[in-house]
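Below is one structure, written out as structure tokens, with a few remarks after it.
The values are calculated or read from the model by the stated rules, or taken from the named source; none is laboratory data. None of these values were measured; they are calculated from a predicted model. So basically every Cβ, Gly included, is an ideal-geometry build from the backbone, and we count neighbours across all protein chains shown.
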Amino acid sequence: MDKKEMIYLDNAATTRTLPQAVQAMLPWLSDNYGNASSIYRLGEESRKVISQARRQIADSLHGEPSEIYFTSGGTEADNWALIAGAEACAFKGKHIITSKIEHHGVLHTCEYLEKRGFQVTYVGVDGNGIVNLQELEAAIRPDTILISVMFANNEIGTLQPIGEIGKLARERGILFHTDAVQAYGHLPIDVEALSIDLLSASGHKLGGPKGIGFLYVKKGTKLGAFLHGGAQEQGKRAGTENVPAIAGLGAAVAHAFSDMEGQAGKVEGLRDYLIEKIEKEIPYCRLNGHREKRLPNNVNFSFQFIEGESLLIMLDMKGICASSGSACTSGALDPSHVLLAIGLPHEIAHGSLRLTLGVDNTKEEMDRTVQAIKEIVEKLRRMSPLYEDFVKGQGSPKAAS
Ligand SMILES: *Cc1c(COP(=O)(O)O)cnc(C)c1O
């Protein structure tokens, strides 16, 4: 399709690879192919670009280079943190606490750990999607070894009270992991100030390439190796380093942190404009997630009487890329676990739309998007028997009085 005409509003799924990241990768895909473990100069060059990226990432989090381990992405970092974290602390207990709104990288790993003899408490969230701190604190037991709560939710954008949770965990000597894939590179994160022991991030959510991410592991945390083999990543994540992707991630991180406030401010302005306009122009809609405590780029709405999937397909025909609140699992459309956790009934959750903005989006694109949603929603509602009943009900003597 013609990319120039397209409106891309799915930055929570992935971002456009920044030209700076592409440029930074090119040499390592061609002339500079040396293995970073080799002692000759060609290998030395690869080693250098890896340590440069590692230092940039460490600085960006207020950590140290020895605390950064490159992985194949956010999913691997989540798996490693939870599985190795649980194994390392199993001698103290077998209880883990997480939230009901985690990414599947965390949730499905917790389910795996349950099969391996661990017990997991899934803490609920309030109507805005914020983890209930009292419930979390009450869930802590003498045998709790690990708490994992995401920094920001990928569907509804809500920001979690990470500092408070970190403090609760630190005071009790419980390992604390946060999946910061949606937040890292978009919001400032200080691992020291927030008492974070383990943090996952991913390159392709901040303008870097796909297939690269990292796990931050606080110094002194006893975490076993995830991949066994060579001595790469301090012997904890074996396998020849993905030098081009690491170089690209480094460039994306440098770009993200060079003007984080400016970029977040611009995106936030567009976000608020879009939210306001949708609420003004389209009846029977509901903003999901907290109005203020949300990612600068996240917009998530439920539209009554329609199917999110139909809306998505019709938006795609108009060149707009967005995402719904349903996950297509084995042919059946299940409403998202996040929307159910904030208390939405199934039929409302089904009519959900996620729009996640980027710094390249324009106000004009927001206008075109609202116009498109408005037309499609009206069209879908005209075909909906539920909507017809609703309108008839409104015209009844009771509603008219
Ligand atoms: C995208 C995402 C992941 C997975 O990261 P990958 O690098 O694609 O494996 C994990 N957690 C959250 C919150 C995400 O948004």
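Kindly check whether there is at least one residue in segment 162-172 that is within 16 Å of the ligand (Cβ to nearest atom) and among the small types (Gly, Ala, Ser). For segment 162-172, residues within 16 Å of the ligand (Cβ to nearest atom) and among the small types (Gly, Ala, Ser): absent. Every condition in (1) more than 16 Å from the ligand (Cβ to nearest atom); (2) within 21 Å of Ser72 (Cβ to Cβ); (3) hydrophobic (A, V, I, L, M, F, W, C) is met by Ala256 except one, and the failing one is (1). Restricting attention to segment 155-214 and to residues that are more than 22 Å from Glu292 (Cα to Cα) and of a type in the set (Val, Ile, Thr), the residue that is farthest from the chain's Cα centre (by Cα) turns out to be Ile174. Confirm whether Gly127 is modelled with pLDDT of 95 or more and crowded, with 23+ Cβ neighbours inside 10 Å. In short, no. Residue-level check: of (1) more than 16 Å from the ligand (Cβ to nearest atom); (2) in contact with a Cys (Cβ under 8 Å, 6 or more places away or on another chain), Lys92 misses just (2).
When Ala245 is tested against the conditions (1) closer than 27 Å to Asn297 by Cβ; (2) in contact with a Ser or Thr (Cβ under 8 Å, 6 or more places away or on another chain); (3) of a type in the set (A, V, I, L, M, F, W, C), the lone failure is (2). Restricting segment 68-123 to residues that are touching a residue at least 12 places away in the same chain (Cβ under 8 Å) and acidic (Asp, Glu), the residue that is surrounded by the fewest Cβ atoms within 10 Å (Cβ to Cβ) is Glu87.
Of all residues in segment 95-135, those satisfying the criterion of being assigned to a helix (DSSP H, G or I), under 24 Å from Lys222 (Cα atoms) and more than 16 Å from the ligand (Cβ to nearest atom) are Leu113, Glu114, Lys115. Taking the criterion of being at pLDDT 95 or above, in a loop (DSSP other than H, G, I, E, B) and farther than 18 Å from Lys363 by Cα, the residues of segment 1-23 that qualify are Ala12, Ala13, Thr14, Thr15, Arg16, Thr17, Leu18. Tell me, yes or no, whether segment 73-87 has at least one residue that is among the hydroxyl-bearing types (Ser, Thr, Tyr), touching a strand residue (DSSP E or B) at 6+ places or on another chain (Cβ under 9 Å) and not in a helix (DSSP H, G or I). No, segment 73-87 has no match at all.
Among the residues of segment 325-339, are any in a loop (DSSP other than H, G, I, E, B), aliphatic (A, V, I, L, M), under 20 Å from the mean Cα position of the chain (by Cα) and within 27 Å of Val149 (Cβ to Cβ)? Can you show your working first?
Within segment 325-339, the subset in a loop (DSSP other than H, G, I, E, B) is 325, 330-331, 336.
From what's left, aliphatic (A, V, I, L, M): none.
No, there is no match, as no residue in segment 325-339 is in a loop (DSSP other than H, G, I, E, B), aliphatic (A, V, I, L, M), under 20 Å from the mean Cα position of the chain (by Cα) and within 27 Å of Val149 (Cβ to Cβ).
Scanning segment 173-214 for residues that are over 11 Å from Gly74 (Cβ atoms), in a strand (DSSP E or B) and within 11 Å of the ligand (Cβ to nearest atom) turns up just one, Thr178.
For Gly73, state whether it is within 12 Å of the ligand (Cβ to nearest atom) and small (Gly, Ala, Ser).
yes
Among the residues making up segment 197-226, those that are surrounded by 24 or more Cβ atoms within 10 Å (Cβ to Cβ) and of a type in the set (S, T, N, Q) are Ser200, Ser202.
Which residues, counting only those in segment 24-55, are within 30 Å of Cys321 (Cβ to Cβ) and either in contact with a helix residue (DSSP H, G or I) (Cβ under 7 Å, 6 or more places away or on another chain) or within 16 Å of the ligand (Cβ to nearest atom) (or both)?
Filtering segment 24-55 down to residues within 30 Å of Cys321 (Cβ to Cβ) leaves 24-26, 28-29, 53.
Correct list: Ala24, Met25, Trp28, Leu29, Ala53.
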